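Quick note: the coordinates plus some simple rules give every number you see, no bench work behind them. These numbers were taken from a predicted model, which means no experiment stands behind them. No Cβ is skipped: glycine too gets one built from the backbone with ideal geometry, and neighbour counts run over all protein chains shown.
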Amino acid sequence: MEKEAAKYLDYLRYVRSYSDATIASYQEDLKEFSFYLKSEGLVFSSLRKEDIRAFLSYELARGVSPRSNARRLSTLRGFYAFLKEENIVSYSPLAGITSPKRRNSLPDVLSEGQKERLLEKNGKREDFLSLRDQAILLLFLSSGIRVGELTKLNCRSFDFSRRLLRVQGKGKKERIVPFDEKTKEALLLYEKECRPLLIKNEKEEAMFLNANGKRLTVRGVEYLLKKLQERIGLPLGVHPHELRHTFATILLDKGADLRLIQTLLGHKSLGTTTIYTHVSGKMLKEEYDKAFSIENKNDKS
């Protein structure tokens, strides 16, 4: 099955233009599926629905989350559709198998106080990497970009004079995202005082570098944020997705139009933005108070 899986992943990469992160997830799913088939003595081209259900049950039993299991199912559905299109198999054992329904779980949001505490505490660090980490935190909070998008940024991605950022999103689609003055100052400070101490190769184009002078990876960003959370002692994990969601919620609180938020976040569907941003408690209460204030005035008149 390895040869067919590799062919499918190439199709996703070069024909469908899927991001590296998405392809890595598909690759992991197919790797686990292949391992299961080998352990059970099964052949991918002659499976039944019962075999697929048994695989999904096995994954749940070994601790894989329902969310990840649903992704496994989605990966296999696409894989077998590709195999059928290529005439490698005559049918798909996924036909009729539905994904388990699950609630849309929204990430936590940093409160204004937690956000300020995070930036303040990190700003007081004495090691020079605090400049890099502060720039990353502020960029997440002022632009809402994904962690995979942040790691792809090069120095030339930034237009500091206009405070604009060219981001390569999902499907290699580019969009322009603004960032605020405070973030601009932090980025320029990092670029001037920290990045030159990290860089090992003058030809390196990446904006954000690790301690070895290489482009900072998604895992690297997640790790540094986890260490920050532990150091500061926030009650919730500081993950790139929390920071992205915090950005969207701040915009929503300030009355930004959902289509504007959709554009800034790089969502293909407005429905995704609606689910992702949710109506914040602050905005809900303001609208509620406004409505009842009008009603009370009408009653008095």
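Which shape class, rounded, prolate or oblate, goes with the range 2-85 when its Cα gyration tensor gives a ≥ b ≥ c as root eigenvalues, a/c under 1.5 marks rounded, and past that a/b bigger than b/c marks prolate?
Since a/c reaches 1.5 but b/c is at least a/b, the shape of the range 2-85 is classed as oblate.
Given axes a ≥ b ≥ c from the Cα gyration tensor, I'd like to know whether the range 151-230 is rounded (a/c under 1.5), prolate (a/b larger than b/c) or oblate.
Because its axes are fairly even, with a/c under 1.5, the range 151-230 counts as rounded.
Just need the relative contact order of the range 2-85 here, percent rounded to a whole number, with Cα pairs under 8 Å and 6+ apart.
34 percent
Skipping prolines and chain starts, which residues have an amide H placed within reach, meaning under 5 Å, of the one on N154, given they are 5 or more residues away or on another chain?
M207
So what J values fall out for the range 31-37 if you push phi through Karplus, 6.51 cos²θ - 1.76 cosθ + 1.60 with θ = phi - 60°, rounded to Hz, Gly and Pro as x?
For the range 31-37, the Karplus curve yields 5, 5, 5, 4, 4, 5, 4 Hz.
Count neighbours as other Cβ atoms within 10 Å of each site's Cβ, and list the chymotrypsin sites (Phe, Trp or Tyr not before Pro) in the range 137-168 that are DSSP loop with at most 15 such neighbours.
Passing sites in the range 137-168 are F160.
According to the square roots a ≥ b ≥ c of the eigenvalues of the Cα gyration tensor, what is the shape class of the range 33-176, taking rounded for a/c under 1.5, prolate for a/b larger than b/c otherwise, and oblate for the remainder?
The shape class here is prolate.
Just want the answer: with Cβ charges of +1 for Lys and Arg and -1 for Asp and Glu, which residue in L12, F35, I23 is farthest toward the dipole's positive end in the range 5-54?
Value computed over the given set: L12.
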